[in-house]
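Data block below; observations after.
The values are calculated or read from the model by the stated rules, or taken from the named source; none is laboratory data. As the structure is a prediction and not an experimental result, all values here were calculated from the model. Virtual Cβ from ideal backbone geometry, glycine too; neighbours counted across all protein chains shown.
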Amino acid sequence: MIKKLQASKSEKILFGFLIILFLFSFSSFFLLKNKCIFIEKININNLRFDNPNNIVVMNLDCGNVVIELYPEIAPMAVQRFKTLVEKKMYDGSAFYKVVENTLVQAGDIEYGNIKFLDYSKIGSGKSGLGLLKSELSNEFEFTEGSVGFSRTSEFNTEDSEFFITLKEIPIYQGEYTPLGKVIYGLEILQTIKKGDKAIYVLRPDFINTIKMFKSN
Amino acid sequence: MKILILFIMIFSISNVNANEIYNLLKIPNLEVYKLKSNNNIRYLNAVKNFQIGSNKNITCDKISKKNLSNKFPIIEKNINRYNSNFLQKISLKYIVLCKNLKISNINTGGIPDNKKRTLILDINFNQKNFERMIHHEIFHMIENSFPKYFNEKKFSSFNNSNFNYAKCSTCSDRLNLDLYENTDGFLTEYSKSVPSEDMAEIFSFLMINKKKIKKKIQNDKILKNKVNFIELNLSKIDKNIL
């Protein structure tokens, strides 16, 4: 005669614990995959600015990053940035260089766009609008969320690439042309995909669009 | 295959040196020691040993905080003798402090890099002549920025016709930095190595002990011409340095 086996109390607790653990792991796997889950969405239609002509909205997968431009500090650089925004040349641009918790860089028009990504040349592309003179400022502090124009190791080589700092980088003061500051959505930039071992990102995240605030 | 090599180069070799100082100066393992100064010089120090250069032929070692805090006031005092306008003209903004600085395994006091606006200084180099060495290296930044003012051929013509410099600064054993009692056209043995080192030695002595050099040149016509040459051309860049 087969005797029916009855689970002891401790076995029942253990079994229950294993089920909870399994459910938790299963749900976490899907929740954590969504890097945008804890990002608060900004409704840009509710935002008001004193000078909307100097506000740009960068749309990324996790939401909108709002940047205020500073033409009074770097008039030529800001004008170039606005031109590239209005021509939609930044749309689809790759964040190909990401230094974890330090900065993200995008804006290679020629070789760093989702439509024509060239890993062998990325970072060396041109906009076709020519190089700009560096507009350095000893007053502008590269605090968290500062936007600067990238350059080569030489000054006066600014073109289209820009970076956004994810922490204060005092040594950049007076070294890079300041474009402006992020005023909303800095946490979105923290979700941008990093390289595993290098600062250059294989299969990077892209800018969906950058638009002037007034045109939204 | 080419693509594979390219991927390996881009994504594996450009590596963890990815901090903001490295981005700027292309020297790894540095931290900021002092960022703000009256003449806008920024001081950095090595927190780990580093190797730079195309063949990693420049090496320098990390320094302890204690060593640095002992030497830094001396370095800053000497660098503060140059105003920000002058330093901008000679493309100097960053001073990297480390020890056991070597280029191709040869010890050196400093390595100037005008392109990166950086001067690497060995804080343990020749303690007897340490302060003068700072100005010596600064001179190399000056001549690199204004080569037309410090023409080696013209400078060499002040020497006796039978004198020949070595082919390079480390190609001879003329390395002693002590001031000659009888100068005879040269302040130190190292002055005899190459014209640019001769000029740098004169400049550094003028910065450290101008009175003594002025006295020496009274009886040394060659040296007098050389000193005048340095002073005249330097005054074209900044009248107040010497």
**Extreme residue, surrounded by the most Cβ atoms within 10 Å (Cβ to Cβ), among residues of the stretch A:93-120 that are more than 17 Å from A:D159 (Cα to Cα) and away from chain B (no Cβ under 14 Å)** = A:I114
**Asked** Among all residue pairs at least 6 apart or on different chains, which show Cβ distances below 9 Å where the first residue, located in the stretch A:114-132, is within 17 Å of A:D205 (Cβ to Cβ) and in the same structural domain as A:N156 (by TED's automatic domain parsing) and the second is of a type outside the set (A, V, I, L, M) and surrounded by fewer than 16 Cβ atoms within 10 Å (Cβ to Cβ)?
**Response** A:Y119/B:F7
**Asked** Counting residues that are within 14 Å of another protein chain (Cβ to nearest Cβ), surrounded by fewer than 16 Cβ atoms within 10 Å (Cβ to Cβ) and over 18 Å from the mean Cα position of the chain (by Cα), which strands (runs of 3 or more DSSP E) fully inside the stretch B:24-67 reach at least 2?
**Response** B:30-34
**Message:** So, in the stretch B:134-144, how many residues would count as being without any contact (Cβ under 8 Å) to a residue 60 or more places away in the chain and either in contact with a Cys (Cβ under 6 Å, 6 or more places away or on another chain) or within 13 Å of B:K236 (Cβ to Cβ) (or both)?
**Reply:** 1
**Message:** Just to check your reading of the model, which residue among B:K77, B:K116, B:K62 is among the charged types (D, E, K, R), within 24 Å of B:I241 (Cα to Cα) and modelled with pLDDT of 95 or more?
**Reply:** B:K77
**Message:** Can you go through B:I123, B:I138 and tell me which one is modelled with pLDDT of 90 or more, assigned by TED's automatic domain parsing to the domain that holds B:K99 and within 19 Å of the chain's Cα centre (by Cα)?
**Reply:** B:I123
**Asked** When you go through (1) touching a helix residue (DSSP H, G or I) at 6+ places or on another chain (Cβ under 7 Å); (2) crowded, with 21+ Cβ neighbours inside 10 Å one by one for A:N53, which number turns out not to apply?
**Response** (2)
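Being in the same structural domain as A:L186 (by TED's automatic domain parsing), within 19 Å of the chain's Cα centre (by Cα) and either of a type in the set (S, T, Y) or under 25 Å from A:Y184 (Cα atoms) (or both) is true for just one of A:E144, A:E139, A:E86. Which residue is that?
On the way: A:E139 fails: within 19 Å of the chain's Cα centre (by Cα); A:E86 fails: within 19 Å of the chain's Cα centre (by Cα).
Within the list A:E144, A:E139, A:E86, the selection yields A:E144.
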